[in-house]
4 protein chains.
Amino acid sequence: MSRIPTSPEHPTAEIQFRVRYCECDPMQVAYHGSYVPWCEMARTELLRQQDAVYRDLEAVGIYFVVARMSMRFRRPARYDDVLTVRVEALRSHGVKVEHIYEVWREQELLATAETTLACVDAAGNLRPVPEAMLQSDA
Amino acid sequence: MSRIPTSPEHPTAEIQFRVRYCECDPMQVAYHGSYVPWCEMARTELLRQQDAVYRDLEAVGIYFVVARMSMRFRRPARYDDVLTVRVEALRSHGVKVEHIYEVWREQELLATAETTLACVDAAGNLRPVPEAMLQSDA
Amino acid sequence: MSRIPTSPEHPTAEIQFRVRYCECDPMQVAYHGSYVPWCEMARTELLRQQDAVYRDLEAVGIYFVVARMSMRFRRPARYDDVLTVRVEALRSHGVKVEHIYEVWREQELLATAETTLACVDAAGNLRPVPEAMLQSDA
Amino acid sequence: MSRIPTSPEHPTAEIQFRVRYCECDPMQVAYHGSYVPWCEMARTELLRQQDAVYRDLEAVGIYFVVARMSMRFRRPARYDDVLTVRVEALRSHGVKVEHIYEVWREQELLATAETTLACVDAAGNLRPVPEAMLQSDA
């Protein structure tokens with residue numbers, strides 16, 4: 001379904017969900033800001049597949065903050081649509097992790113996104129990404 | 001403007017703001033869930049007038065959690081409308097504080113609400129409402 | 001799981017989902033306003049089971065607006081918790097439909113809610129609830 | 001306050017508001033998705049200064065949809081902070097309008113953003129940006 005070339009070094013995850021009524025705006029399509037938590041939900045699932053639950057990371061003082069985010073919207077999503085968000089961990093090195101995302105409605109690509117997360121401690125200072133999540137750039 | 005009988009014992013506050021685009025739904029009116037933060041914003045202002053800033057209360061381990069909330073919606077609000085929310089601290093005794101709210105667009109009453117907050121410590125245990133916010137039922 | 005007495009006359013539905021990060025607040029629990037769309041999502045599923053898809057109803061000019069809503073919060077939900085919301089159509093007669101809701105985390109009841117919806121046409125005027133959704137009070 | 005070089009050809013606007021409690025996340029800072037409506041609110045004000053009220057544009061069948069959005073987060077905002085968002089209409093030509101944004105807390109630049117909007121009609125087809133909003137690239 002996705003055009004992202006996959007490789008064993010690049011972990012991926014997918015989530016499926018229905019567009020909520022409150023996520024749509026007076027133009028009767030999903031509000032563009034609604035895509036932000038959708039990407040985050042996919043990222044949470046990816047972490048879970050890597051045996052790292054974000055809630056547990058926070059409990060031991062490891063946080064990820066979004067440093068950059070960009071999105072491109074191609075076609076609108078509508079209320080009650082079933083969407084799939086696919087996330088791929090593109091690179092993680094040093095204190096940063098990069099992800100790319102695709103939002104699909106069946107065979108239609110609705111939107112793409114990229115984020116850069118920075119790893120910080122409880123005081124907000126940069127710290128290395130945990131070993132288990134590190135990969136060399138592939 | 002308000003039909004709530006005021007009394008010196010009942011502190012009140014008002015806020016004014018514009019309805020955001022993302023707060024409206026495909027029916028082209030403000031989503032009913034949008035009224036929840038509006039009431040909270042008015043409550044924050046009321047605290048500020050009582051020389052208690054909620055952010056500072058949390059910093060010293062005093063939290064308020066919403067235990068009950070009820071709302072009645074009479075007329076719809078629309079995108080870009082300028083609304084006024086008026087809050088009144090109805091009663092505060094023991095571990096609870098009760099507030100009532102009115103949402104107005106000029107002379108039109110759009111909605112009313114009531115909340116009961118419980119005062120808790122950082123561990124989530126009930127604790128007395130701070131002295132400065134206590135009043136006998138009037 | 002639920003303490004709501006069920007009866008054949010009262011249609012019910014359940015949804016399951018994970019609490020999103022953005023649905024939680026600085027107190028590190030689900031924001032009380034987050035429960036509003038959760039109840040709505042359960043209601044959407046109930047309609048679907050009654051062979052009425054809300055999106056299709058809107059397409060033919062039948063809308064439901066929330067006239068009243070009340071919620072009671074017993075225990076906090078946390079980020080990444082798997083919750084179940086159970087909805088029951090309590091009564092529907094004339095131009096109104098009443099629903100009750102329970103929010104569970106496994107065997108723990110976290111919150112209860114009630115809503116009254118009014119059925120309106122595209123112009124916002126009250127109109128009878130569609131026959132298929134009508135029931136006598138049981 | 002801003003480092004954006006201003007020019008008479010580039011209309012700008014500013015809004016000021018307090019960070020809402022529900023806009024903050026368990027990390028006790030403003031959720032990154034919260035910046036999306038903040039930028040939109042500034043854009044709405046800019047339109048108002050150009051004698052074009054977005055609500056009125058929609059009423060005559062002129063809509064703007066977000067085609068691209070990118071944000072860079074430098075420092076966190078916190079609950080109850082008073083923030084200023086400054087928007088500048090960078091370019092508008094053909095069917096597109098580009099804006100840049102800065103989010104400030106007093107003298108601290110917290111975030112920057114860019115959006116590209118596409119002008120569409122009620123059917124979602126691209127249409128020229130209204131004359132009054134057109135500028136040559138400066």
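In chain B, the beta carbon lying closest to the axis that superposes B onto D belongs to the residue given here with its whole-angstrom distance, B:Phe17, 4. Rolling a 1.4 angstrom probe over the range B:38-87 with all protein chains present gives an accessible area of which 45% lies on carbon and sulfur atoms.
Each copy carries a label point for A:Val82 at 7 Å from Cα along the beta-carbon vector; from one copy to the others these points are 1.9, 4.8, 5.1 nm apart, nearest first.
Each other copy places its own label point for C:Val95 at 4.3, 4.3, 6.0 nm from this one, sorted shortest first, where the point lies 7 Å along the Cα-to-beta carbon line. Amide hydrogen proximity for C:Arg68: with H placed 1.01 Å from N in the peptide plane, the residues at 5 or more positions away or on another chain lying under 5 Å are B:Phe73, C:Thr116. The phi-based Karplus calculation (6.51 cos²θ - 1.76 cosθ + 1.60; θ = phi - 60°) puts the 3J(HN,Hα) values of the range C:94-102 at x, 9, 10, 9, 10, 10, 10, 9, 10 Hz, whole numbers, x for Gly and Pro.
Each Lys and Arg Cβ is given +1 and each Asp and Glu Cβ -1; about its Cα centre, the protein assembly as shown then shows a dipole of about 0 debye. Extending 7 Å from the Cα toward the beta-carbon at both A:Glu131 and D:Glu9 defines two label points whose distance is 5.7 nm.
The calculated FRET efficiency for the pair A:Arg105 and D:Arg105, based on their C-beta separation and a Förster distance of 35 Å, comes to about 0.35. For the range D:53-62, 3J(HN,Hα) computed residue by residue from phi via the Karplus equation (6.51, -1.76, 1.60; θ = phi - 60°) reads 8, 4, 4, 6, 4, 4, 5, 9, x, 10 Hz, glycine and proline entered as x. Within the listed set D:Ala59, D:Ala30, D:Ala111, the residue fluctuating most in the Gaussian network model of chain D (springs between alpha-carbon atoms under 10 angstrom) is D:Ala59. The A:Arg74 and D:Leu57 beta-carbon pair, evaluated with R₀ = 30 Å, returns a calculated FRET efficiency of approximately 0.85. Given +1 at the Cβ of Lys and Arg, -1 at the Cβ of Asp and Glu and no other charges, the dipole of the range B:59-138 around its Cα centre is 240 debye to the nearest 20. Of the residues in the range A:40-66, those shielded by at least 50 Å² of accessible area once partner protein chains are present, compared with the chain alone at a 1.4 Å probe, are A:Glu40, A:Arg48, A:Arg55, A:Val66. From largest to smallest, the equivalent ellipsoid semi-axes obtained for the protein assembly as shown from the alpha-carbon gyration tensor read 34, 29, 28 Å. Mind checking which of A:Met71, A:Met41, A:Met27 has the largest fluctuation in a GNM of chain A, springs on alpha carbons under 10 Å? Looking only at A:Met71, A:Met41, A:Met27, the biggest GNM fluctuation is shown by A:Met27.
Sorted shortest first, the separations between the B:Ala59 label point and its copies elsewhere in the assembly read 3.0, 4.5, 5.4 nm; each point sits 7 Å from Cα along the Cα-to-Cβ line.
Computed from label points 7 Å out along Cα-Cβ, the spacing between A:Gln28 and B:Gln28 is 1.0 nm. In the range C:67-88, the residues that give up 50 Å² or more of accessible area when the other protein chains are added, compared with the chain on its own (1.4 Å probe), are C:Arg68, C:Met69, C:Phe73, C:Tyr79, C:Asp80.
As a test of the definition: with a 1.4 Å probe, what buried accessible area, both sides summed, do you compute for D against A, in Å² to the nearest 100? That pair hides around 1800 Å² of surface in total.
Here the dipole of chain A is about 340 debye; that uses its Cα centre as origin and unit charges on the Cβ of Lys and Arg (positive) and Asp and Glu (negative).
Apply the a/c threshold of 1.5 to the C-alpha gyration tensor of chain C and tell me whether it is rounded, prolate or oblate. Note, shape of chain C comes out prolate.
Taking the centroid of alpha carbons for each part, the range D:17-88 and the range C:75-92 are 31 Å apart.
The values are calculated or read from the model by the stated rules, or taken from the named source; none is laboratory data. On a predicted model such as this, the values are computed, not experimentally measured, just so you know. When we count neighbours, we look across all protein chains shown, and the Cβ atoms used for this are built from the backbone with ideal geometry, even at glycine. Please note that ligands, DNA and RNA were not included when accessible areas were found on the heavy atoms of the full protein model with its side chains. Shrake-Rupley method; radii C 1.70, N 1.55, O 1.52, S 1.80 Å.
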